[in-house]
Ligand SMILES: Cc1cc2nc3c(=O)[nH]c(=O)nc-3n(C[C@H](O)[C@H](O)[C@H](O)COP(=O)(O)O)c2cc1C
């Protein structure tokens with residue numbers, strides 16, 4: 001997407017490019033679920049036809065796709081005419097090795113599409129059973145004749161695939177339960193596409209057995225489990241809590257995530273264990289108990305079966321990678337806090353942060369702090385502990401914590417944005433440009449809101465810095 005002047009946000013395994021300029025408005029996001037399996041999500045309206053020339057190497061990846069809204073055109077290089085891929089149509093494209101496939105996304109339409117790209121060679125290098133099974137399922141289902149023929153399959157309009165693609169597009173949550181929703185929906189979408197390819201007719205009129213409102217209630221199951229994660233949790237308890245019969249709960253979980261309820265529970269425990277490894281200094285035994293396992297060897301075994309690494313090897317691999325850690329939160333200033341105290345806080349931050357390779361940004365607006373701190377994990381956690389114990393503010397709500405590849409505020413020890421006129425510290429931007437009241441007033445403090453907020457913050461600061469340098 002060179003030349004689109006978008007705003008690229010990268011996190012571990014995911015990237016999002018937002019475009020709001022003369023090329024178009026919307027975003028394109030990318031998830032790497034595992035090496036060899038990536039998903040591209042388009043939710044965008046282009047001002048000019050976009051021509052994409054997808055190059056295929058010897059590996060012959062599979063391109064699965066589904067248009068939730070809008071359509072596109074496709075052709076192989078040796079063809080003259082384009083073929084139209086309809087809204088709601090299941091499609092799979094595999095080109096000749098070392099050749100390409102051309103896609104055209106027309107201008108001025110609301111284009112919402114999920115592509116899933118599979119590289120069987122990379123997947124095959126994995127030792128995880130589920131990935132190897134995917135490779136053999138694909139080989140079985142497609143049985144490509146001759147190594148070098150291009151292959152195109154335009155299937156039926158398929159409501160089931162559409163349900164999953166819709167979940168992927170609408171899910172804005174980036175916490176672990178949110179990630180599982182996206183990952184589950186991508187994998188279920190893929191499974192349904194392979195199945196539909198194999199049995200067009202039998203899946204044609206598939207409808208989920210549960211109503212949309214029940215399905216959406218089931219997507220909340222993650223929060224309930226997480227708040228009791230160190231305990232034994234039975235399916236009966238969950239179904240009582242969600243007011244859904246155990247049978248419907250089982251089939252809803254199967255529909256949404258492709259797992260049985262017990263497998264889903266295990267998956268959530270394991271994802272949470274990863275998060276604890278990322279965000280705390282707890283050792284592996286402590287983490288094992290904290291996520292509800294009594295036996296460390298059992299915990300290590302299922303972690304290995306699921307992710308292809310033992311917990312300690314997993315922890316070592318990302319610690320060796322020296323990734324950046326980032327926490328963003330909001331809090332309320334103590335009633336007695338004066339603008340002078342805010343000046344002091346920011347001066348301390350600007351003095352100490354560079355010593356610990358910490359950068360970030362803080363917003364002070366109507367007695368509310370919004371802060372992002374980024375840097376080496378240990379230093380960020382130590383500082384955050386200090387900040388949490390600081391009596392000058394209260395009601396601290398973490399909006400996002402986790403690893404990322406790049407700093408957002410690389411030149412700022414603590415960039416500050418405020419419209420409190422009496423502050424003496426140097427202000428980098430004005431809150432008027434941020435629609436802060438809008439963001440702060442919302443009760444739903446989802447991480448996506450904070451992501452778009454920080455993106456705006458960073459842009460305002462960069463713009464200001466460029467203007468003052470000019
Ligand atoms: C909203 C808020 C943000 C803060 N941000 C930082 C910061 O970025 N860096 C920093 O060193 N201290 C920051 N502090 C101050 C710390 O809480 C703490 O006072 C400081 O790190 C000095 O620690 P010490 O008292 O243990 O020496 C902040 C405090 C508040 C209330």
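The values are calculated or read from the model by the stated rules, or taken from the named source; none is laboratory data. Note that the structure is a prediction, hence the values are computed from the model and not measured. Positions of Cβ are backbone-derived with ideal geometry, glycine not excepted, and every protein chain shown enters the neighbour counts.
Odds and ends about this structure:
- Of everything in the range 357-367 that is more than 10 Å from the ligand (Cβ to nearest atom), in contact with a helix residue (DSSP H, G or I) (Cβ under 8 Å, 6 or more places away or on another chain) and not in a strand (DSSP E or B), the residue that is modelled with the highest pLDDT is 357.
- Residue 411 being within 13 Å of residue 356 (Cα to Cα) and not assigned by TED's automatic domain parsing to the domain that holds residue 315: no
- Qualifying position, being touching a residue at least 24 places away in the same chain (Cβ under 8 Å) and more than 30 Å from residue 136 (Cα to Cα), among 117, 85, 105, 94: 105
- Residue count for the range 368-389 under the criterion of being surrounded by 14 or more Cβ atoms within 10 Å (Cβ to Cβ) and outside any strand (DSSP E or B): the result is 8.
- On inspection, residue 326 fails the criterion of being surrounded by fewer than 14 Cβ atoms within 10 Å (Cβ to Cβ), under 30 Å from residue 419 (Cβ atoms) and more than 10 Å from the ligand (Cβ to nearest atom).
- Residue in the range 68-81 that is without any contact (Cβ under 8 Å) to a residue 60 or more places away in the chain, within 24 Å of the chain's Cα centre (by Cα) and under 18 Å from residue 168 (Cα atoms) present: yes
- Verdict on residue 279 being in contact with a strand residue (DSSP E or B) (Cβ under 8 Å, 6 or more places away or on another chain) and surrounded by 14 or more Cβ atoms within 10 Å (Cβ to Cβ): yes
- Picking from residues in the range 391-409 that are out of contact with any helix residue (DSSP H, G or I) (no Cβ under 8 Å at 6 or more places or on another chain) and part of a loop (DSSP other than H, G, I, E, B), the one that is nearest to the ligand (Cβ to nearest atom) is 391.
Each row is one residue, and each column tells you yes or no for (1) within 27 Å of the chain's Cα centre (by Cα); (2) away from the ligand (no atom under 11 Å from the Cβ); (3) not assigned by TED's automatic domain parsing to the domain that holds residue 428.
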{"residue": "335", "(1), (2), (3)": "no, yes, no"}
{"residue": "349", "(1), (2), (3)": "no, no, no"}
{"residue": "355", "(1), (2), (3)": "no, no, no"}
{"residue": "372", "(1), (2), (3)": "yes, no, no"}
{"residue": "375", "(1), (2), (3)": "yes, no, no"}
{"residue": "379", "(1), (2), (3)": "yes, no, no"}
